[in-house]
Amino acid sequence: MKLKLERHPKNPLFGPNPNHIWESRFVFNPAVVFDGELFHMLYRAQGEDMVSRLGYAVSTDGIHWNRLEKYVFGPSTQEELYGVEDPRITFLEGYYYINYTAYSPTGIKVAMARTKNFITYERFGTILPESPNKDATLFPEKINGKYVLIHRIEPDIYLAFSDDLIHWENYVKIASPRKNYWDNLKIGAGAPPIKTEYGWLLLYHGVQKAPRNIYRLGFMLLDLNDPTKIIKRSQEPILEPKEEWEIFGGVPNVVFSDAMVRYKDKYYIYYGGADNYIALATIDTEKVEKWIKE
């Protein structure tokens, strides 16, 4: 069974705002959560200085968004000198935890903050010392008494484990690129995994080596009790660049997602197109369940 996401007819949902110097060139790679009433989005934006900052938008339906005029989260230390990038949001123990990439001359590292209102943030700084390391996101609950973090030491996806969310250890590689597949160069986690009765559903991106590398999306299903075990993995991509604004842009040939929300009977997957725009694709939860059961 081939799974394919459906692009929303209103795509792209929004793009750069030339009136805001911090987001005048690119907006992309959003993180989104639904709190039962509202959708909350943190999105990566770059302006004239090309430093990445996070803007905030809110929606009642997940399609029409109101954006704040000022960014809500920006670089605050030398380890974030070049920007804060590609957030993922996990609701865990009463807080929204944001894992993001801290980019500076000292490297590309995994950092973390948390919030309850998306306006004020408690920062924890870098939580993984390795560089380059990115594409990090937390599981939404403890597994076997441990917090679990997905991260990417290129080109592979790893898990790390912690008692306190700050100190991480026991790195375990769980997935690698596959020769002769659409994800043959490198892979990385997309959205925080969603718990289903069949396993943890993980959205991920894969890069195919080509004259211009191509970024696509796929699914993995991880074991509920031992997420180091992969039960199933997309043989073919579920979304790939096809629209003009996905093929041409700041980084060509890219669909890249940090956000998957279960809403009613669908998964809403928000993604960046060619590092220029923010868009939405959906798929029926029933179709994903059929794919899992094959």
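Only the coordinates and a few stated rules stand behind these numbers; no lab work does. Nothing here was measured: the structure is a model prediction, and the numbers come from that model. Glycine also receives a Cβ, built like all others from the backbone with ideal geometry; neighbour counts cover every protein chain displayed.
Measuring between alpha carbons in the structure, the pairs from K109/K293; K2/K70; K109/K195; K2/K264; K10/K142; K116/K232 lying more than 32 angstrom apart are K109/K293; K2/K70; K10/K142; K116/K232. Counted by Cβ distance under 12 Å from R233, the other residues give a net charge of +1, where Lys and Arg count +1 and Asp and Glu count -1.
Distance between the modelled labels on K116 and Q78, one decimal in nanometres: 3.4 nm (7 Å Cα→Cβ projection). FRET efficiency for S24 and Y263, Cβ-Cβ distance as r, R0 = 30 Å, nearest 0.05? In this case the efficiency is close to 0.45.
Scan the range 25-99 for GluC sites (Glu not before Pro) in coil per DSSP, keeping those whose Cβ has at most 10 other Cβ atoms within 10 Å, and list them by number.
Within the range 25-99, the qualifying GluC sites (Glu not before Pro) (loop, at most 10 other Cβ atoms within 10 Å) are E37, E48, E69.
A DSSP coil position with no more than 15 other Cβ atoms inside 10 Å describes the following trypsin sites (Lys or Arg not before Pro) in the range 189-276: K209, R212, K229, K242, K264.
Here the dipole of the chain is about 620 debye; that uses its Cα centre as origin and unit charges on the Cβ of Lys and Arg (positive) and Asp and Glu (negative). At full extension, K209 and K290 could sit 26.1 nm farther apart than now, given 0.36 nm per residue minus the alpha carbon distance.
Each Lys and Arg adds +1 at its Cβ and each Asp and Glu adds -1 at its Cβ; summed about the Cα centre, the range 1-87 shows a dipole of about 440 debye. Computed over Cα pairs, the Kirkwood radius of the chain leads via Stokes-Einstein (0.692 mPa s, 37 °C) to a diffusion coefficient of 174 µm² per second.
Using the Cβ of N17 as centre and a radius below 11 Å, the other residues enclosed give a net charge of 0, where K and R count +1 and D and E count -1. What the Cβ-Cβ distance of D61 and V251 gives, at R0 = 51 Å and to the nearest 0.05, is a FRET efficiency of 0.95.
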